[in-house]
Structures are given as C-alpha cells and as structure tokens.
Amino acid sequence: MTRPQSARTESPVERFFFPQPLQLASVDQATVGQVTVELDGSEAHHLLHVLRAKVGDRVGLFNGQGDEAVAELINYRKRSAELRILDCWTTPAEPDELILATALPKGDRARWLVEKATELGVTRIIPLRTARSVVEPGEGKMDKLTQAAIAACKQCGRSRLPRLDPLTTLSDVLREFSATSPTQILLLADPYAQQNVGELFATVGSWHQTTIALIGPEGGFTADEYSAAIAAGATPARLSPHILRIETAALAISAAWELRRSTKQITEPVGTTGT
C-alpha cells in the first residue's frame, strides 16, 4: 500500500527508527495484524522508560528507506518491546535530489547542519576534505551525525534518511559529478559570484534534477580547488550579500532548493517533467 505522505495527520503517533527494511517491506495488507516486530536498543529504551508506554499504545515505525508502519505495543521486557503491525505503507522517493558536498564546521555546528539539512529534504551529505579543512570527523563523530539525521527524521515526519558519506576529498567528488548531464547541476557556493542561487535555480528548466552543492571551509576553497571545480563544470552562485558560515550556507542552499521544488510541485501538472 502506498501513501503520498509519510504520516497520517488524523492519527499522530510517536515515531521510532526501525532499521530492518525487509521485515517492514514484507508486510502486506493480507498479513497486517499478524506480523510482530521487536524494537530494542535506544529506541526501546525511549519508548519504555522515557515515554513509559503501556500495552495497547500505538507508535509509528520507519526504516529510513521509505517503509513505514503503525504498530501496537503488545508485550515488553526490560530492554525490548514487541509490536504488532496494524498498518504499513511505502513513501515513494522524491524524483529530484540535493547533495551537499560540504566541509564540516566545528563542534555542534556540524550536528545542526545535518539536522536542518535533513528537515529540508537533502538526500545526501558528503563531508569534504579540502586544503583548508579544520574538521575531519572520525567514526564517533560520524555516528553522532547519523543519530542527528535519525532524530530529525523522527521529528519532521520524513521517511527516508539522507545518505551520509565518509570523509571525501574534493577531487573525488569532482570525479563523481563532473560528467555533463542535462538533469544535473553542480553548484559552487561563492560569496563573490555575479549570479545568486535564486537566479541559478530560475534558469533550470526541468525540475527532475540532481543538484550538487559544493561548500568550502571557513577559509574558502583555494584557488586551485576553485579552478578544479570550474573545470568540472561547476557554476558559481552567491547565497547572500554577506559571507556565510558553513552551516548557514548549507541551510541557505537547502532552503532555496526546497522552495524551488515546492513551487514546481504546485505549479506543474502531475506527470510533467518540465521543458
């Protein structure tokens, strides 16, 4: 069963991350009410010991890949909860995507960046290693950023987690995205560019796009890095009359992209791919 939105407004429930796509995807309308799943770890702790859920309470489940369910608590132990699936559906992937290839800011600012990018529908985040980078996240930091994305999905009702890549060099990103494609935009955040991001998006005909946004560190890209991006087909775009911090630049691009996408969805007939 497919629903156009990730959650039904008439029956709001607390949502929990359940990273087992095959179990949820295997539930169909013929078996709803007969299938049970077990929630454990931190999600079960939150349900049982923070929210103090009781048998009969209903919750939402999502696996980060589009599968969602409403389930009822039927049994629990100290560290796990048994849930019966009452309804399930799949939220289709969006036809366009925004990829942020960005240097990471220090401290909690990186977590904030991931959280807000997730809320705004960013589909992939690539932490960039550049010549002037000052933050190179290790495994522990990446785990925290993943948890930030999960928490943001739970809060905002999103059913698909953004992909969070390991630390990647700018040259590797440019190799992946330098191929010329009519449905791909490579955007280079540049506070001195003549064209602003709104003007750039306004010139794009088809809204079935992959937008890749390159965002440098606090000191900016080096001249060599900037030249390499231009050679790979990047278009410089100004985000503001002011010089923005990394996370502010990421938010500005994400908001402009989401506004353009939402406007297109309202104005274009269903099934239109643009011209």
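Every number here is computed from the coordinates shown, using simple stated rules; none is lab data. Computed from a predicted model, the values in this text were never measured in an experiment. Note: ideal-geometry Cβ built from the backbone for every residue, glycine included; neighbour counts use all protein chains shown.
Laid out as a table, the results:
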| quantity | calculated |
| --- | --- |
| DSSP-loop chymotrypsin sites (Phe, Trp or Tyr not before Pro) across region 174-253, with at most 10 other Cβ within 10 angstrom | Tyr192 |
| Other-chain or far-sequence residues with amide H under 5 Å of Leu186's (modelled H) | Ile212, Thr235 |
| Protection proxy ranking of 151-161, 132-142, 243-253 - average other beta-carbon atoms within 10 Å, highest first | 243-253, 151-161, 132-142 |
| Reciprocal of mean inverse Cα separation for region 187-232 (Kirkwood radius, Å) | 12.0 Å |
| Residue order, fewest to most surrounding Cβ atoms within 10 angstrom, among Lys116, Lys78 | Lys78, Lys116 |
| Set of aspartates and glutamates near Lys54 by C-alpha distance (under 14 Å), chain-local residues within fewer than 8 positions excluded | Glu14, Glu72, Glu82 |
| Karplus (6.51, -1.76, 1.60) ³J(HN,Hα), θ = phi - 60°, over region 78-83, in Hz, Gly and Pro reported as x | 5, 10, 8, 10, 9, 10 |
| Greater than 24 Å apart at Cα, pairs in Lys116/Lys144; Lys78/Lys141; Lys106/Lys144 | Lys78/Lys141 |
| Sequence ranges 167-174, 96-103, ranked by mean other-Cβ count within 10 angstrom, highest first | 96-103, 167-174 |
| Region 97-236 shape via C-alpha gyration tensor axes, a/c threshold 1.5 | oblate |
